[in-house]
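The values are calculated or read from the model by the stated rules, or taken from the named source; none is laboratory data. Owing to the predicted nature of the structure, the values given are computational and were not obtained by experimental measurement. All Cβ positions, glycine included, derive from the backbone under ideal geometry; neighbour counts span all protein chains shown.
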């Protein structure tokens, strides 16, 4: 049984990597009010911390996250809205999706098990999705007569295309890790016992990279998704000017000419 006094997430920073772990394994890391608030606030903290150069989101136990805690949801439906059910999309799910998408540094979803509902949406919002082979995705929303949230309507079509996203959202089913890789939902798939090592290697690589440039690339990709080519080219020029004037760019050029490995500072 889940310890009611235990924190719903853990947040650790080591060697430039912030690891946010959903910590309700007995409840398959479903999202209670406390969990949503803690996750949202942890993501904001990671974004604001200059010592954090990469973020990893993962789950504990056998699940990544199965979305909204339905016991709380049912309580809200019955009239007890002490858990903030009625405004949770605006207060929690939207800010979580925005925090991941706007994070000025790379975000990795280390999908250790099933990711369903908002849990799958959280993974879709990340820049990289590394899946354990036993993991999988299920949008789940329509299965309980819900629409979709946490950015799935925006991220999913950009990952797999409009037609496939429509099918996955309207006819939810569990997508295995290997199928997720084929569809473009996974960056990589590894054996379960290799997940921690694979995620650590990717996070270390990204944390040691030009994080200012990574953040600019994220903004450029998001901007171009909703703007025409001339406007996107102008925006690209602005980001090139920003990164071209950075200390990291000078470091990279000097290291290239000296045939040395650059050491980036993220500025």
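One table, with the values for the structure above:
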read-out	value
Failed criterion for residue 208 (all others in (1) touching a residue at least 40 places away in the same chain (Cβ under 8 Å); (2) touching a strand residue (DSSP E or B) at 6+ places or on another chain (Cβ under 7 Å) hold)	(2)
Residue match in segment 180-195 (condition: touching a helix residue (DSSP H, G or I) at 6+ places or on another chain (Cβ under 7 Å), crowded, with 21+ Cβ neighbours inside 10 Å, within 29 Å of residue 223 (Cβ to Cβ) and without any contact (Cβ under 8 Å) to a residue 24 or more places away in the chain)	no
Residues located in segment 226-237, provided they are exposed (fewer than 11 other Cβ atoms within 10 Å of the Cβ) and within 24 Å of the chain's Cα centre (by Cα)	226
Residue among 182, 226, 243 that is modelled with pLDDT under 95, more than 23 Å from residue 68 (Cβ to Cβ) and assigned to a helix (DSSP H, G or I)	243
Residues of segment 11-38 that turn out to be touching a residue at least 24 places away in the same chain (Cβ under 8 Å), in contact with a strand residue (DSSP E or B) (Cβ under 6 Å, 6 or more places away or on another chain) and either closer than 21 Å to residue 200 by Cβ or not in a strand (DSSP E or B) (or both), as a count	11
Answer residue from segment 42-54, given it is within 14 Å of the chain's Cα centre (by Cα) and part of a helix (DSSP H, G or I) and is farthest from residue 197 (Cα to Cα) among those	44
Qualifying residues in segment 40-61 (those that are without any contact (Cβ under 8 Å) to a residue 60 or more places away in the chain and in contact with a helix residue (DSSP H, G or I) (Cβ under 7 Å, 6 or more places away or on another chain)) - the one surrounded by the most Cβ atoms within 10 Å (Cβ to Cβ)	55
Total residues in segment 75-93, condition modelled with pLDDT under 85 and either more than 13 Å from residue 31 (Cα to Cα) or not assigned by TED's automatic domain parsing to the domain that holds residue 23 (or both)	9
Checking residue 209 against (1) under 21 Å from residue 53 (Cα atoms); (2) part of a helix (DSSP H, G or I), the condition it does not meet	(2)
Qualifying residue in segment 220-231 (condition: in contact (Cβ under 8 Å) with a residue 60 or more places away in the chain and either farther than 23 Å from residue 264 by Cβ or out of contact with any strand residue (DSSP E or B) (no Cβ under 7 Å at 6 or more places or on another chain) (or both))	yes
Segment 247-261 residues that are part of a loop (DSSP other than H, G, I, E, B), paired with ones that are surrounded by 12 or more Cβ atoms within 10 Å (Cβ to Cβ) (beta carbon under 7 Å, 6 or more apart)	261/255
